[in-house]
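Read the structure below first, then the notes.
Nothing in this text is a laboratory measurement; each read-out follows from the coordinates by a stated rule. This structure is a prediction, so every number in the text was calculated from the model and none was measured. As a convention, Cβ positions derive from the backbone with ideal geometry for all residues, glycine included, and neighbour counts pool all protein chains shown.
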């Protein structure tokens, strides 16, 4: 069996965020828990497949966005999770134009 490769700091952050979402989902009712786990796993899979590993700006943006969403989900008054699909072409265009994350009204 080959030895496991060490994870970078950013990879550890992504895994910690994923585990945080799963932990937070356990605090919700069964129906919402299943929905949250489904949404989170599909989003993480989608981003793992479609985001270039060397696009650190995009990964950092997604991490920050995920942390904000996790903080909101951890709030006891939050009972559900919803998603908004933004075209990856629009996202890449915004990154190419070097628009700072704070200026994005949809962040």
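Measuring from label point to label point, each 7 Å out along Cα→Cβ, what is the residue 68 to residue 34 span in nm?
According to this spin-label approximation, the distance is 3.1 nm.
In nm, give the distance between the simple-model label positions of residue 77 and residue 27, each being 7 Å from the Cα along the Cα-to-Cβ direction.
1.5
For the pair residue 60 and residue 16, how long in nm is the line joining their label points, each one 7 Å along Cα→Cβ?
Those two pseudo-labels are separated by 1.6 nm.
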